[in-house]
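Just so you know, all these numbers are worked out from the coordinates, no wet-lab data involved. Everything numeric in this text was worked out from a predicted model, so none of it was measured. Positions of Cβ are backbone-derived with ideal geometry, glycine not excepted, and every protein chain shown enters the neighbour counts.
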Amino acid sequence: MKAIKYVLIAFILTSCSQNDDTGDVFRDPQEPQSLATLIAEGPVELGGVIACASGTENENEVIVYLYPRPGVTNIRYFETVSADVDPADYENYTELEITTNDYFNGYLMQIQRQATSEKWVIVTFEEAGVLQVSNPIRLKHQTQNTQFRNNFHIGGGTMPEMPIFSWGNIATPNDAIYFQVVSDADDNLLSGTYTLEPLFQYYKTDNVVLDITRETPPALEAGLDYHFTVLSVSEDNWVNLIGLKRFSF
């Protein structure tokens with residue numbers, strides 16, 4: 001699906017010892033493993049990992065977001081030395097040791113990174129014996145840091161079961177696709193969807209181009225608290241804006 005390339009994060013299981021300029025370490029200080037080596041071993045599915053990255057309020061920090069489909073193993077993270085390299089040349093990517101954090105109680109995962117310069121990032125995991133590889137993610141935290149907003153509209157539709165969320169007023173010119181999550185008060189993901197337009201109705205999939213919702217979402221109930229999160233993502237998988245809002249009816 002064409003939309004997947006827009007939205008398409010890593011966990012090293014072995015120990016290392018040599019620091020790079022961000023304080024991370026390679027698995028092998030003498031001969032760090034390149035992504036090209038892993039891909040050459042095959043089998044591989046390019047673009048098989050849904051991932052993107054955003055900045056934070058700290059200009060030297062980024063967060064990479066990953067959807068780990070059930071049953072995947074061996075999540076790994078690769079970076080280039082700088083952004084001034086060919087992102088399609090896998091020889092430019094070296095594996096780094098990282099840790100992962102649960103996002104939406106583990107439905108998604110986050111990798112928090114200290115990065116003093118902008119780079120390209122790729123994440124991989126293994127699924128049914130196949131190496132799944134994300135599309136390159138361009139870190140832009142120093143030249144185009146992520147914005148955070150909450151002034152978008154929730155309303156209309158069938159209330160409260162099927163509200164309409166719209167965020168066209170906060171969309172950015174660089175947006176290629178939007179990832180939206182409706183979650184409960186405990187941050188359990190109820191629905192996770194992608195649209196090409198800044199509009200989503202819970203849970204109606206007429207304009208949804210990619211859906212990571214695993215089960216039929218429950219109807220929203222009056223008097224309960226919910227959260228709505230939207231990430232506007234550019235074609236190079238950088239998150240231009242994050243919208244966050246609590247709501248109830």
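Relative contact order for segment 128-176: 25 percent, from Cα pairs under 8 Å spaced at least 6 residues apart, divided by residue count.
In a fully extended conformation the segment linking Ser82 and Ala36 would gain 14.8 nm over its present Cα-Cα distance, using 0.36 nm per residue.
When peptides 210-216, 54-60 are ranked by their average number of other Cβ atoms within 10 Å per residue, the highest-first order is 54-60, 210-216. With the simple model of a label 7 Å out from the Cα in the direction of the Cβ, Gln144 to Asp102 spans 3.4 nm.
Rounded to the nearest 500, the helix-only mean residue ellipticity at 222 nm of the chain stands at -1000 deg cm²/dmol, with each DSSP H run of n ≥ 4 adding -39,500 (n - 2.57).
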